[in-house]
1. Considering only segment A:557-588, how many residues are of a type in the set (Asp, Glu) and either assigned to a helix (DSSP H, G or I) or touching a residue at least 40 places away in the same chain (Cβ under 8 Å) (or both)?
2. Go through segment A:557-588 and report how many residues are open to solvent by less than 40 Å² (accessible area, probe 1.4 Å) and basic (Lys, Arg).
3. Under 8 Å by Cβ, and 6 or more places apart or on different chains, what pairs join a residue from segment A:292-304 that is over 10 Å from A:Met337 (Cα atoms) with one that is of a type in the set (Val, Ile, Thr) and open to solvent by less than 60 Å² (accessible area, probe 1.4 Å)?
4. Among the residues of segment A:162-177, count how many are open to solvent by 20 Å² or more (accessible area, probe 1.4 Å) and more than 28 Å from A:Tyr193 (Cβ to Cβ).
5. Condition test on A:Glu253, is it within 13 Å of RNA strand B (Cβ to nearest atom) and either of a type outside the set (Val, Ile, Thr) or at pLDDT 85 or above (or both)?
6. Exactly one condition in (1) closer than 30 Å to A:Gln146 by Cβ; (2) open to solvent by 10 Å² or more (accessible area, probe 1.4 Å) is not met by A:His546; state its number.
7. Pairs please, first residue from segment A:323-337 and in contact (Cβ under 8 Å) with a residue 40 or more places away in the chain, second anywhere and open to solvent by less than 40 Å² (accessible area, probe 1.4 Å) and near RNA strand B (Cβ under 9 Å from one of its atoms), Cβ atoms under 8 Å, 6+ apart in sequence or on different chains.
8. Quick one: which residue in A:Gly554, A:Gly533 is within 9 Å of RNA strand B (Cβ to nearest atom), of a type outside the set (A, V, I, L, M, F, W, C), part of a helix (DSSP H, G or I) and in contact with a strand residue (DSSP E or B) (Cβ under 6 Å, 6 or more places away or on another chain)?
Amino acid sequence: MPPAPAAGPLNSNKEPIRQMRLSRFPLSTTKETPADAEIVSHQLMLRAGMIRKLAAGLYTWMPLGLRVLRRVEDIVREEMNRSGAVELLMPAVQPGELWRETGRWDKFGPLLLRFSDRHDREFCYGPTHEEVITDLVRREIRSYKQLPLNLYQIQTKFRDETRPRFGVMRAREFLMKDAYSFHVHEGSLAETYQVMYDTYSRIFERTGLNFRAVQADSGAIGGSISHEFHVLAESGEDAIVFSDGSDYAANVELAPTLPQDQERPAAAAAMTTVDTPGVHTMDDLVAALDVPLTRCVKTLLVQGSEAPVVGLLLRGDHSLNELKAEKHPAVAEPLTMASPEAIRRAAGCGPGSVGPVGLDVPLIADHAALPLADFVCGANTEGQHFTGVNWGRDLPEPAAADLREAEAGDPSPDGRGRLGVARGIEVGHIFQLGTRYSEDMDATVLDENGAAQHLHMGCYGIGVSRIVAAAIEQNHDANGMIWPEAIAPFTVAVVGINMNKSERVAATAEQIYQELLAQGVDAVLDDRDARPGVKFADMELIGIPHRIAVGDRGLEQGMVEYRGRRDTDNQDVAVDHVVAHILTKLGQ
RNA sequence: CGGGGUGUAGCUCAGUCUGGUAGAGCACUGCCUUCGGGAGGCAGGGGUCGUAGGUUCAAAUCCUGCCACCCCGACCA
């Protein structure tokens, strides 16, 4: 057994002094950007030495990076505790038989990392913990008097992503806070859900990030009501829409589009076949015929729930929303594009020439395609299209549905204002699960009447490690990261200029550093024997919010230099006042 | 999963086409100079060229298999 760790140096209160001298801290920064990194947060985290890759989607958190991760984690933990949730820690490895109870052993697919133990029993590394927590609660909780209960953990998850990328943004192994609440009645679930919504809002406010809560699809986890929390950043993988006339905000995949109240013009042209050799895309078509995209109709063939294929019709400039299509009763779930062979059987041509005229498959048109008159579409013959096509005259009126992706400028679904679009990084997601898991796993409690009731459940996730990357995506400049104070690895850097040559500089820097520590400020002393340019560049790269430079030049006048990470100039501050200056900046 | 690309020093890369004893910059070690925005000089250390096989007098270089990593795609017909 290893010996107990030696106690650090002690001050008069017998508290360990948190000594953070860069001369003894394994900071390894680079000027060059690693070739593998695509996005700025990944590049900067590697350049700053916050993380190191072990394998695809697996990262070591280096001491510097871990400091940030822990600060995010601390905020999450404090606010979860404040909300009344209770922390526990479940195993990362889970028995397969639990996952068979909910059917997810088969449904989850290759995302689930599976393996067997020496007895050939099946296990997986947990990508999420609904099964484990439900199993726990069905054993532990007997009575409605023990409810509601909200249990959470902060734990490493593993999801075997098809394509891990962007560093810790989409890693396979990642740190997640997941909470699960249990209730006898739906009303109690709704109350806790609201508490979690408020708690999440407080958590993201405290991190200092610009975020937005949006209505969301509940996806594979299941359930009904759901919100996502997004950190706004240009590089975000999700599009979110929000109204300028109300508080409506939603993930674009969920946002309905309203039928347009515009009348369909009368047909003015005769349907004509035109030769369009080599045209297979909407862009080709627009170029070949010189018609606007908005006068074209595109036809997507997908597998149907009853018919072999179903045709989805969209205005040329619109995008199909997969979730909406998948939820249409005539469309097979999951949404699957028809194979080239199936297209040929149904339309008699290859993909790229399909059109709705004379097509003998069920047709569903997006609302926005219906007001078109004299439109252009494929002729189901290679190298030909129709122009001057009109609904009702040249083909039957198709069924109408909401199929397209909402766009900037669309009217808000709540009827108030117009939609704008922003990019977001999903960092939190809350769900009302209902009784899906408790029914599959038969988790019940006795209610006030002594009757067994299936538990109502909610679940609430936060991507702790992803928040670190998201914060960088949102806050950086050409010189590096710019941490919000709440999650910075250090709050203040005291940089000694030539401090190994000048005793005066060394003594003053040390004194300021110790005073900051005494005031409870998370300071770091850059006492490395490096040139000033190197030190400044490093402190900017790793994004320390406040910097104090101590050098002989300033000390001649009894001054040191202060500079905020977003400032463009230094500010001279008297040595005696610099700690107070920092405390003011920190709002203390 | 499909397609493409790359594996050479800790990092970024050249060298591969046209086979002939392994290179640069950064980083690292020592000495000297410099010393407030990623210094300069000199001297060094460090590479089974991803891996296994094949061709050849000779392979980082040509051929084959495997592995790893990266990118693109997996609605927009």
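1. Here is the first cut: in segment A:557-588, the residues of a type in the set (Asp, Glu) are A:561, A:567, A:569, A:572, A:576.
Next cut, either assigned to a helix (DSSP H, G or I) or touching a residue at least 40 places away in the same chain (Cβ under 8 Å) (or both) only: A:576.
Matching residues across segment A:557-588 total 1.
2. First, the residues of segment A:557-588 that are open to solvent by less than 40 Å² (accessible area, probe 1.4 Å): A:558, A:560, A:562, A:564-565, A:573-575, A:578-579, A:581-583, A:586.
Add one more test, that the residue is basic (Lys, Arg), and what stays is A:565.
Total satisfying the criteria: 1.
3. A:Pro292/A:Val286; A:Leu293/A:Val286; A:Arg295/A:Val376; A:Cys296/A:Val286; A:Cys296/A:Val376; A:Val297/A:Val376; A:Val297/A:Val389; A:Thr299/A:Val354
4. 7
5. Details: within 13 Å of RNA strand B (Cβ to nearest atom): yes; either of a type outside the set (Val, Ile, Thr) or at pLDDT 85 or above (or both): yes.
So A:Glu253 passes the test.
6. (1)
7. A:Lys324/A:Arg404; A:Ala325/A:Val302; A:Ala325/A:Leu312; A:Ala325/A:Leu335
8. Numbers: A:Gly533 fails: in contact with a strand residue (DSSP E or B) (Cβ under 6 Å, 6 or more places away or on another chain).
Of the residues listed, the single one that is within 9 Å of RNA strand B (Cβ to nearest atom), of a type outside the set (A, V, I, L, M, F, W, C), part of a helix (DSSP H, G or I) and in contact with a strand residue (DSSP E or B) (Cβ under 6 Å, 6 or more places away or on another chain) is A:Gly554.
The values are calculated or read from the model by the stated rules, or taken from the named source; none is laboratory data. Source: prediction; values computed, not measured. No Cβ is skipped: glycine too gets one built from the backbone with ideal geometry, and neighbour counts run over all protein chains shown. Ligands, DNA and RNA are stripped out before the accessible areas are found, and what is left, the full protein with its side chains, is counted by its heavy atoms. Shrake-Rupley method; radii C 1.70, N 1.55, O 1.52, S 1.80 Å.
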